[in-house]
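Trainee: Structure incoming, see below.
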Amino acid sequence: MSSPGIENANQPDCAQVACESERRLFRMVIPKYPAFNVYSHIAKKTTALGPICVATSVSKMTGWDVEVIDENNYRFPGPLDEEGMPDHATLQEMRRADIVGFYGGLSCTIPRLIKVASFYKKVGAFTIGGGHHLEAMPEEALRGGLDVIVNGEGEIAISEIIKAWRSGSGMEKVTGIAYLKNDSVVSTEARAPMEEFEHLPLPDFGLLRFSRVKVFPISRIRGCGMNCEFCSVKGRARCARPERLIAQISYLVETHGAREFFIVDDQFAQDRDETVRFCGKLQEYEEQMGLRLFITVQIRLDCARDEELLKAMRGCGIGGLAVGIESPIDEELRAMGKHLKAAEMVELARTYNRHGFLVHGMFIFGYPMRPGMEFSMSAKERIKHFRKFFRKARLDTVQVMLPVPLPGTALRSRLEKDTRVLPESEIGWEYYDGNFPIIVPDPPLTPESIQKSILSLMRGFYRFRRIFGVTLHTLRFPLAMLPLVNLRVRWLKWYRHWRNEVIGSVGYFIIRRWRKVFKEGSFSEKLKRSYAKSEK
Ligand code: B12
Ligand code: SF4
């Protein structure tokens, strides 16, 4: 079968007509992260929700079998190539996929996506991509191996594309997609974001092949109305009913033995009253089933002021909070479009801590000021601010990243205008994971100094000597439980210290390995070259 690029895909070829009665295969690929980093560990235990939702939609279509290959959570006996990567040639030999979908949500995975997509295109599969990066930058991937890119949510669009491909009726009538025609990118009329979710099937994690999921990603709310300058999530929040999230959880608990969940919604409590209702319903379910779940959510700091919400969250097993604190420096917060002040943030983080939540603070180091904002601070001084904040806010774990000019964001447009984004010819998409300097920072900072600073902050937090803390806390366990009253409170208090020391020491090894991989790589050379170019 010849490769059905968008133009010849419109006419079904002979093989397509002859095998009309055969079942066909749709394979979804979640491309591998390029570098070892702090996410590598979690990626092995979870998966990406968006492509699972899209694959689930295809699985409900007549005549289609579906499988998902998550390259970040890919295990024995999945075939590997000589580089140790998932071997798509063998997968294709085992069973030929007619259509291959690609998750293009993360810029850092785009080079791998293009490599795998061009392979599939060469062997005659029809290739479709979706996700934040591809929406913002469709052309490179369309020229590199994708036939069609979906803008926005894919659950409905995918079935329309597949039907159009099968019937040969052409893609022009499918809304919200982009493809190449006469060597130019054509975008069809935009598709409105979904408002109603009840008709969508529940995401089917059983479609994953060669993966084992421990932390299940689930979702109720899409979009975020906050509009932070550096973020690619746009559009107001659209919410499903709490019952839908309960249905996802109960299904996974009862069929997959799931106990750990990550609610991927950008702000868990956006739809505040319904969120409280969700917590109540979940607590009820857990009591009926006699089990306790562990749930992590992403939440804003100022929700810590809402006592009723916090109580409801604790009641249903929400234990982990990922909080975008971003910076302990007021001027930087203003530049990002954040409305809180650093001093307030310390208090709010401590409130979460007091209520027994494990708080993971996410920060950006060296955020570039907006025009007209006069502010200058050395890297050393900034590090001091960060360290003081970590200590005062009593954060359980932290992640300090560099500013990333993500495609489609206002930050990227602003920095591009000032030619402060390091050229892609040197610093490619694979470096867009927050660990590498991609921009020319504000003076007196330099790309090297900001990178050294995040390493220093992470190494200061995740230290080797925390291994001794693990031993100490393990030995202290019997003592911590005495006297034998309030056992749950005592256990939780002990567990928090013990768990933080375990993560602290595991983190040390992860950062050490990241540094080693980094030193062996060629980034420093590329950085010098591209920085020199941008200074000219
Ligand atoms: C959960 C999450 C994570 C998880 C899991 C990531 C994953 N998906 O594999 C973790 C914590 C590991 C993570 C890490 C990172 N993340 Co993250 N993450 C998210 C988050 C909050 C939710 C993703 C999600 O599940 N959404 C819900 C689903 C339903 O929506 P969706 O993924 O967009 O999918 C829909 C459409 O895009 C489309 N679609 C998607 N794929 C396909 C495929 C086909 C074929 C079709 C037709 C359609 C289609 O249909 C889907 C269903 O409607 C998003 C923000 C967001 N709201 O999307 C950020 C986001 C994806 N992350 C982002 C980033 C930058 C990162 C990090 C680099 C860290 C950082 N600096 O923040 C790291 C990278 C990891 C690494 N190893 O380097 C950016 C990506 C932007 C970009 N251009 O790269 C986002 C958009 C947030 C932002 N700041 O803008 N992340
Ligand atoms: S950073 Fe978080 S709060 Fe800000 S727009 Fe993105 S998802 Fe919303």
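Trainee: Checking the structure you have, find out if any residue of the stretch 346-356 is touching a helix residue (DSSP H, G or I) at 6+ places or on another chain (Cβ under 8 Å) and within 16 Å of ligand 1 (Cβ to nearest atom).
Mentor: Scanning the stretch 346-356 turns up no residue that is touching a helix residue (DSSP H, G or I) at 6+ places or on another chain (Cβ under 8 Å) and within 16 Å of ligand 1 (Cβ to nearest atom).
Trainee: When you look at Leu25, is it in contact with an Asp or Glu (Cβ under 6 Å, 6 or more places away or on another chain) and more than 30 Å from Asp265 (Cβ to Cβ), yes or no? Full working, then the answer.
Mentor: Values: in contact with an Asp or Glu (Cβ under 6 Å, 6 or more places away or on another chain): yes; more than 30 Å from Asp265 (Cβ to Cβ): yes.
Against the criterion (in contact with an Asp or Glu (Cβ under 6 Å, 6 or more places away or on another chain) and more than 30 Å from Asp265 (Cβ to Cβ)), Leu25 qualifies.
Trainee: Sticking with this structure for a sec: Sort through Ala157, Ala190 and tell me the only one that's closer than 27 Å to Arg220 by Cα, touching a residue at least 12 places away in the same chain (Cβ under 8 Å) and in contact with a Lys or Arg (Cβ under 8 Å, 6 or more places away or on another chain). Reasoning before the result, please.
Mentor: Details: Ala190 fails: in contact with a Lys or Arg (Cβ under 8 Å, 6 or more places away or on another chain).
Answer to the selection: Ala157.
Trainee: Can you pull out the residues in the stretch 496-522 that are under 23 Å from the mean Cα position of the chain (by Cα) and aromatic (Phe, Trp, Tyr)?
Mentor: Result: Tyr508, Phe509, Trp514, Phe518.
Trainee: A further question on this structure: Is there a residue being touching a Cys at 6+ places or on another chain (Cβ under 7 Å) and farther than 24 Å from Glu196 by Cβ anywhere in the stretch 271-286? First the steps, then the outcome.
Mentor: Taking the stretch 271-286 and keeping what is touching a Cys at 6+ places or on another chain (Cβ under 7 Å), we get 271, 274, 279, 282-283, 286.
Restricting the remaining residues to those that are farther than 24 Å from Glu196 by Cβ gives 283, 286.
Taking every residue of the stretch 271-286 in turn, at least one turns out to be touching a Cys at 6+ places or on another chain (Cβ under 7 Å) and farther than 24 Å from Glu196 by Cβ.
Trainee: Test Leu395 against the criterion of being within 25 Å of the chain's Cα centre (by Cα), more than 15 Å from ligand 2 (Cβ to nearest atom) and of a type in the set (A, V, I, L, M, F, W, C), and give yes or no.
Mentor: On the way: within 25 Å of the chain's Cα centre (by Cα): yes; more than 15 Å from ligand 2 (Cβ to nearest atom): yes; of a type in the set (A, V, I, L, M, F, W, C): yes.
Answer is yes for this residue.
Trainee: Next question, about the same structure. Quick one: which helices (runs of 4 or more DSSP H) lie wholly within the stretch 21-125 and hold at least 2 residues that are surrounded by 20 or more Cβ atoms within 10 Å (Cβ to Cβ) and either of a type in the set (A, V, I, L, M) or within 16 Å of ligand 2 (Cβ to nearest atom) (or both)? Walk me through it before giving the result.
Mentor: Values: elements: 40-43, 49-59, 88-94, 110-122.
Passing ranges, in order: 49-59, 110-122.
Trainee: May I pose another question? Mind checking which residues of the stretch 413-454 are within 16 Å of ligand 2 (Cβ to nearest atom) and outside any loop (DSSP other than H, G, I, E, B)?
Mentor: Ser413, Arg414
Trainee: What pairs come out if I take residues in the stretch 429-458 that are more than 20 Å from His385 (Cβ to Cβ) and pair them with residues that are of a type in the set (Asp, Glu) whose C-beta lies under 8 Å away, six or more apart or interchain?
Mentor: Val440/Glu535
Trainee: Further question: Here is a list: Glu155, Glu196. Which entry is crowded, with 21+ Cβ neighbours inside 10 Å and either assigned by TED's automatic domain parsing to the domain that holds Cys279 or under 25 Å from the mean Cα position of the chain (by Cα) (or both)?
Mentor: Numbers: Glu196 fails: crowded, with 21+ Cβ neighbours inside 10 Å.
The conditions single out Glu155.
Trainee: Within the stretch 199-233, take every residue that is buried (at least 18 other Cβ atoms within 10 Å of the Cβ) and among the basic types (Lys, Arg) and give me the one that is farthest from ligand 2 (Cβ to nearest atom).
Mentor: Here the residue is Arg220.
Trainee: Also, I was wondering about something else. Quick one: which strands (runs of 3 or more DSSP E) lie wholly within the stretch 226-327 and hold at least 2 residues that are away from ligand 1 (no atom under 13 Å from the Cβ)? Full working, then the answer.
Mentor: Details: elements: 260-263, 294-298, 318-326.
Because the criterion is at least 2 residues that are away from ligand 1 (no atom under 13 Å from the Cβ), the strands (runs of 3 or more DSSP E) in the stretch 226-327 that meet it are 294-298, 318-326.
Trainee: Then there's this: Only one of (1) out of contact with any helix residue (DSSP H, G or I) (no Cβ under 6 Å at 6 or more places or on another chain); (2) in the same structural domain as Gln298 (by TED's automatic domain parsing) is not met by Ile162, so which one is it?
Mentor: That leaves (2) as the condition not met.
Trainee: If you check Asp302, Asp273, which single one turns out to be without any contact (Cβ under 8 Å) to a residue 12 or more places away in the chain and over 28 Å from Asn151 (Cβ atoms)? Steps first, please.
Mentor: Numbers: Asp302 fails: without any contact (Cβ under 8 Å) to a residue 12 or more places away in the chain.
Of the residues listed, the single one that is without any contact (Cβ under 8 Å) to a residue 12 or more places away in the chain and over 28 Å from Asn151 (Cβ atoms) is Asp273.
Trainee: Further, regarding this structure: Any idea which residue in the stretch 186-220 is farthest from ligand 1 (Cβ to nearest atom), counting only those that are outside any loop (DSSP other than H, G, I, E, B) and touching a Leu at 6+ places or on another chain (Cβ under 9 Å)? Working first, answer last.
Mentor: Restricting attention to the stretch 186-220, the residues satisfying the condition of being outside any loop (DSSP other than H, G, I, E, B) are 186-187, 205-208, 215-218.
Narrowing further to those that are touching a Leu at 6+ places or on another chain (Cβ under 9 Å): 186, 205, 216-218.
Details: Val186: 17, Phe205: 13, Phe216: 11, Pro217: 6, Ile218: 9 Å.
In this case the residue turns out to be Val186.
Trainee: Follow-up question, since we're still on this one. Have a look at Gly84, Gly101 and point out the one that is at pLDDT 95 or above and in contact with a strand residue (DSSP E or B) (Cβ under 9 Å, 6 or more places away or on another chain). Explain how you work it out, then say what you get.
Mentor: Numbers: Gly84 fails: in contact with a strand residue (DSSP E or B) (Cβ under 9 Å, 6 or more places away or on another chain).
Answer to the check: Gly101.
Trainee: Keeping to the stretch 460-476, report how many residues are surrounded by 16 or more Cβ atoms within 10 Å (Cβ to Cβ) and either more than 30 Å from the chain's Cα centre (by Cα) or of a type in the set (A, V, I, L, M, F, W, C) (or both).
Mentor: 5
Trainee: Among what's in the stretch 328-364 and is within 13 Å of ligand 2 (Cβ to nearest atom) and part of a helix (DSSP H, G or I), pick the residue that is farthest from Phe389 (Cα to Cα). Steps first, answer last, please.
Mentor: The initial filter retains those residues of the stretch 328-364 that are within 13 Å of ligand 2 (Cβ to nearest atom), namely 333, 336-340, 362-364.
This time we only want the ones that are part of a helix (DSSP H, G or I), so: 333, 336.
Values: Leu333: 14, Met336: 18 Å.
Among them, the one singled out is Met336.
Trainee: So, one more: Which condition number does Val485 fail, the rest of (1) closer than 30 Å to Lys526 by Cα; (2) β-branched (Val, Ile, Thr); (3) outside any helix (DSSP H, G or I) being met?
Mentor: Evaluating Val485 over (1) closer than 30 Å to Lys526 by Cα; (2) β-branched (Val, Ile, Thr); (3) outside any helix (DSSP H, G or I) leaves (1) as the failure.
Trainee: If a residue must be over 21 Å from the mean Cα position of the chain (by Cα) and not β-branched (Val, Ile, Thr), how many such residues does the stretch 403-450 contain?
Mentor: So the count comes out to 20.
The values are calculated or read from the model by the stated rules, or taken from the named source; none is laboratory data. Bear in mind that the values here come from a model prediction, so they are computed numbers and not experimental data. Neighbour counts are summed over all protein chains in view; Cβ atoms, including those assigned to glycine, are modelled from backbone coordinates with ideal geometry.
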